[in-house]
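Engineer: Before I ask anything, here is the structure I am working with.
The values are calculated or read from the model by the stated rules, or taken from the named source; none is laboratory data. Please read all numbers here as calculations on a predicted model, not as lab measurements. For neighbour counting, all protein chains shown are included, and Cβ atoms are generated from backbone atoms with ideal geometry for every residue, glycine included.
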Amino acid sequence: MKKYIETIKIMFKSQMAYRFDIFISMVFSVSKIILAYVLWGAIFSTKDEVAGFTFNGMISYYIISSFIAQLNQSSSAGWQISAEIRQGLFSKYMVRPMNIFGYFTAHTAGTVLLLLIFNLAAAVLWTFLFGVKITLAGSFYDILLSVVLILLGLLFMMQLNYYIGILAFKFLDIGPFMMIKDNIIEFVAGSFIPLALLSDKILLVMRFLPFYYVSYLPTMLLLGRNGQEALTGVLVLAGWNIFFAVLNTISFRKLKYRYDGVGI
């Protein structure tokens with residue numbers, strides 16, 4: 001465990017040295033909130049409520065969901081794994097006395113820790129600037145389960161991006177996989193629009209998928225809504241994490257024999 005903690009510390013210090021990346025991340029998050037503010041401001045100019053949301057509630061949703069979405073930095077790990085496999089540099093991970101998935105998880109966690117601090121500060125700042133009164137869930141139980149869902153969601157996204165990354169053992173370019181994954185997640189995770197705006201039939205299907213619980217449900221729980229889905233969400237995400245843990249283990253064992261360690 002100590003070696004993974006040291007990896008987290010090293011990445012945390014590394015992020016301090018490259019503060020421009022953090023700035024860009026915050027700008028991206030803020031731009032999404034501003035766009036939502038403008039668009040929904042126009043819609044709510046003629047309506048008092050949309051899908052159970054007031055204007056204040058809608059902007060609160062975007063502020064919280066953007067904060068949660070920015071915590072997911074695992075895509076960079078998937079790209080790094082792919083690049084180092086193609087360049088013949090992946091051998092160093094195979095000889096280290098560390099679990100490869102564990103190393104990249106710790107690597108990503110070190111990045112997320114610093115982003116957590118700055119994005120939380122940005123969320124608080126924009127809450128005041130927009131004059132939004134965020135009313136968090138009154139139930140400690142809902143808040144606790146939302147935190148559990150966020151952690152399970154981050155772990156799931158790490159496993160998904162790790163899986164796509166190791167596909168570079170077999171495929172020349174994982175770019176299409178990453179592009180499809182990013183486009184799907186942007187919509188089905190509720191980052192683009194609240195999923196409450198969709199029909200009940202579509203939501204029924206989405207509840208069987210992990211993405212519904214990665215960002216959307218934790219946000220709704222923190223806003224004091226959808227509390228009846230919290231426990232189900234924890235069980236579904238835990239199940240998907242177990243599935244991908246097994247899939248990644250089996251896939252790596254099979255695919256690593258295609259690796260010659262000299263670059264392609």
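Engineer: Residue check, Leu116 against (1) closer than 20 Å to Tyr213 by Cα; (2) surrounded by fewer than 21 Cβ atoms within 10 Å (Cβ to Cβ); (3) touching a residue at least 60 places away in the same chain (Cβ under 8 Å), all met but one. Which one?
Structural biologist: Tallying (1) closer than 20 Å to Tyr213 by Cα; (2) surrounded by fewer than 21 Cβ atoms within 10 Å (Cβ to Cβ); (3) touching a residue at least 60 places away in the same chain (Cβ under 8 Å), Leu116 fails exactly one: (3).
Engineer: Could you list, in sequence order, all residues of the range 173-192 that are over 24 Å from Ser82 (Cα atoms) and in contact with a helix residue (DSSP H, G or I) (Cβ under 8 Å, 6 or more places away or on another chain)? Break it down stepwise before answering.
Structural biologist: First, pick out the residues of the range 173-192 that are over 24 Å from Ser82 (Cα atoms): 187-192.
Residues satisfying the conditions are Val188, Ala189, Gly190, Ser191, Phe192.
Engineer: If you go through the range 39-49 one residue at a time, do you hit one that is modelled with pLDDT under 80 and either closer than 26 Å to Leu172 by Cβ or of a type in the set (Ser, Thr, Tyr) (or both)?
Structural biologist: Yes.
Results for (1) in contact with a Gly (Cβ under 6 Å, 6 or more places away or on another chain); (2) modelled with pLDDT under 85, shown as yes or no for each residue.
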| residue | (1), (2) |
| --- | --- |
| Pro194 | no, yes |
| Leu204 | no, no |
| Tyr216 | yes, no |
| Ala238 | no, no |
| Phe243 | no, no |
| Arg253 | no, no |
| Tyr257 | no, yes |
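Engineer: Could you tell me which residue of the range 87-106 is surrounded by the fewest Cβ atoms within 10 Å (Cβ to Cβ), considering only residues that are farther than 20 Å from Leu167 by Cα and in contact (Cβ under 8 Å) with a residue 40 or more places away in the chain?
Structural biologist: Pro97
Engineer: Condition check: in contact (Cβ under 8 Å) with a residue 24 or more places away in the chain, part of a helix (DSSP H, G or I), touching a Gly at 6+ places or on another chain (Cβ under 8 Å) and of a type outside the set (A, V, I, L, M). Does Gly110 satisfy that?
Structural biologist: Values: in contact (Cβ under 8 Å) with a residue 24 or more places away in the chain: yes; part of a helix (DSSP H, G or I): yes; touching a Gly at 6+ places or on another chain (Cβ under 8 Å): no; of a type outside the set (A, V, I, L, M): yes.
No, not satisfied.
Engineer: Quick one: what pairs do we get from the range 136-165, first residue in contact (Cβ under 8 Å) with a residue 12 or more places away in the chain and within 12 Å of Leu222 (Cβ to Cβ), second assigned to a helix (DSSP H, G or I) and among the aromatic types (Phe, Trp, Tyr), C-beta under 6 Å, 6+ apart or different chains?
Structural biologist: The qualifying pairs are Leu149/Tyr213.
Here's the yes/no breakdown for (1) closer than 23 Å to Asn161 by Cα; (2) surrounded by 16 or more Cβ atoms within 10 Å (Cβ to Cβ):
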position	(1), (2)
Pro194	no, yes
Ser215	yes, yes
Gly224	no, no
Glu229	no, yes
Gly233	yes, yes
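Engineer: Still on this model: Could you check, for the range 15-32, whether at least one of its residues is at pLDDT 80 or above, outside any helix (DSSP H, G or I) and out of contact with any His (no Cβ under 9 Å at 6 or more places or on another chain)? Give the derivation first.
Structural biologist: Let us first name the residues in the range 15-32 that are at pLDDT 80 or above, namely none.
No, the range 15-32 contains no residue that is at pLDDT 80 or above, outside any helix (DSSP H, G or I) and out of contact with any His (no Cβ under 9 Å at 6 or more places or on another chain).
Engineer: May I ask you to list pairs of residues, at least six apart or on different chains, whose Cβ atoms are under 7 Å apart, with the first in the range 74-86 being more than 21 Å from Ile185 (Cβ to Cβ) and of a type in the set (Lys, Arg) and the second being modelled with pLDDT of 85 or more and assigned to a helix (DSSP H, G or I)?
Structural biologist: Going by the 7 Å Cβ cut-off, the qualifying pairs are Arg86/Ala168.
Engineer: For the range 221-245, enumerate the residues that are among the aliphatic types (A, V, I, L, M) and without any contact (Cβ under 8 Å) to a residue 60 or more places away in the chain. Can you show your working first?
Structural biologist: Filtering the range 221-245 down to residues among the aliphatic types (A, V, I, L, M) leaves 221-223, 230-231, 234-238, 242, 245.
Once the filter is applied, which keeps residues that are among the aliphatic types (A, V, I, L, M) and without any contact (Cβ under 8 Å) to a residue 60 or more places away in the chain, the range 221-245 yields Leu235, Val236, Ile242.
Engineer: Restricting to the range 173-191, what's the tally of residues that are of a type in the set (A, V, I, L, M), in contact (Cβ under 8 Å) with a residue 12 or more places away in the chain and either more than 19 Å from Phe104 (Cα to Cα) or surrounded by fewer than 22 Cβ atoms within 10 Å (Cβ to Cβ) (or both)? Working first, answer last.
Structural biologist: Quick first cut of the range 173-191, residues of a type in the set (A, V, I, L, M) only: 174, 178-180, 184-185, 188-189.
Pick out the ones that are also in contact (Cβ under 8 Å) with a residue 12 or more places away in the chain and you get 174, 178, 184-185, 188-189.
Remaining after also requiring either more than 19 Å from Phe104 (Cα to Cα) or surrounded by fewer than 22 Cβ atoms within 10 Å (Cβ to Cβ) (or both): 178, 184-185, 188-189.
Counting residues in the range 173-191 that are of a type in the set (A, V, I, L, M), in contact (Cβ under 8 Å) with a residue 12 or more places away in the chain and either more than 19 Å from Phe104 (Cα to Cα) or surrounded by fewer than 22 Cβ atoms within 10 Å (Cβ to Cβ) (or both) gives 5.
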